[in-house]
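Notes to accompany the following structure.
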Amino acid sequence: MDLTLFDLDGTLIPQDSDHAFGAYMVEIGWADGQAWAARNDNFYQHYQNGTLNLDEYIEFATSVWRARPLAEALAARSAFMERVITPMLRDNARALVQRHLDAGDLVVVVTATNEFVTELIPKAFGIDHLIAVKLERDDAGRYTGRINGVPSFQGGKVVRVRQWLEQQGRRWEDFERVHFYSDSMNDLPLLEQVSHPVATNPSTALDTLARERGWPILKLFE
C-alpha cells in the first residue's frame, strides 16, 4: 500500500475553496459586499505570496457564518457545495484519484483550508480521509474563530500528516512510496518530505523549482 496525499485548492479543483466560500458569503448577502470581498481578496493574495497570517485569516473568514445558527451555516455550506464546488469537479482529476484508490493506496486530502469549508469536498472524489485546519469550539460547541492545534499549513502539513498516521496506528516509514500532489510553494515542506512529489497545476515558482529538481509536472486544468 502506498500513501497518496492530495492538496485540494488549485490541485484537485481549479479554484480556492476558502476564497470561493468567502465570495459565496457575499453572494448570499451574509457578508458586507465590496469591503468584505476586497479584504477576502487581500488575504488570498497573501496566501499566494506565502505571507498569509493564518490566525488573522481564520478569524476573518469564519466571522460571517459562525455568527449564524449552526444549522443555517451548514445549509449554506451544502448549497455552496452544490452550486459552486460541484461545477469545478473535473473528470481527469477524479480519474487521477480513482487510479490511486484502485491501486489500494491510502488516500488523504491535506489542505490549508479549514475543516468546515472542506468537509464535504473529498467525498465527491471518493476520498474518505481529510486533514484540514481544525477550528476551535467552545464548551457549547460554538466556533470561536481560532485554530485548534497545529494548522495544516506550510510545514504544519508534515506535522499533521504524521499525527494523523499515528491516530491510524501507522507511521510514515510503513510506506515504501508516499506521493503528494500540490500546486503551491506553500506546500514545499511536504513536497520535500515525500518520496514522490508531483507539481500539479503548479504556480510559476513551483513549476520552476520542479523543473530544477526533476519532479513530475501534471496539468489537470488545461
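Data table
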| item | result |
| --- | --- |
| Quotient of C-alpha Rg and 2.2 N^0.38 Å, computed over the stretch 77-204 | 1.10 |
| Nearest-20 debye value, the stretch 18-161 charge dipole, Cβ charges on Lys, Arg, Asp, Glu | 160 debye |
| Average Cα contact separation per residue, the stretch 1-130, under 8 Å, 6 or more apart, as relative contact order % | 42 percent |
| Relative frequency of Cα-Cα separations exceeding 17 Å in the stretch 51-110, percent | 64 percent |
| Angle in degrees between helix 33-49 and the longest Cα principal axis of the chain, rounded to the nearest 10 | 20 degrees |
| Relative contact order, percent, the stretch 165-221 [alpha-carbon distance under 8 Å, six or more residues apart] | 28 percent |
| Nearest-ten-degree value, helix 70-80 long axis tilted from longest Cα axis of the chain | 60 degrees |
| Cα-based convex hull, the chain, per residue volume (Å³, whole number) | 122 Å³ |
| Residue-averaged 222 nm ellipticity for the chain, from DSSP H runs of 4+ at -39500 (n - 2.57), nearest 500 | -12500 deg cm²/dmol |
| With 5 Å bins from 0: P(r) over the stretch 163-207, alpha-carbon pairs, percent | 5, 22, 24, 21, 13, 10, 4, 1 |
| Largest to smallest principal axis extent of the C-alpha atoms in the stretch 6-101, angstrom | 42, 33, 21 |
| Dipole in debye (nearest 20) - the stretch 106-202, about Cα centre, beta carbon charges: Lys, Arg +1; Asp, Glu -1 | 100 debye |
| Kirkwood Rh in Å, taken over all unlike Cα pairs in the stretch 110-171 | 12.4 Å |
| Taking all pairs of distinct alpha-carbon atoms in the stretch 129-205, Kirkwood radius in angstrom | 14.0 Å |
| The stretch 45-92 and the stretch 132-147: distance between their alpha carbon centers, rounded to Å | 15 Å |
| Between 0 and 90°, nearest 10: helix 17-27 axis offset from the chain longest Cα axis | 20 degrees |
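FYI, it's all coordinate maths here, none of it is from the lab. None of these values were measured; they are calculated from a predicted model. Cβ: placed from backbone, ideal geometry, glycine included. Neighbour counts: every protein chain shown.
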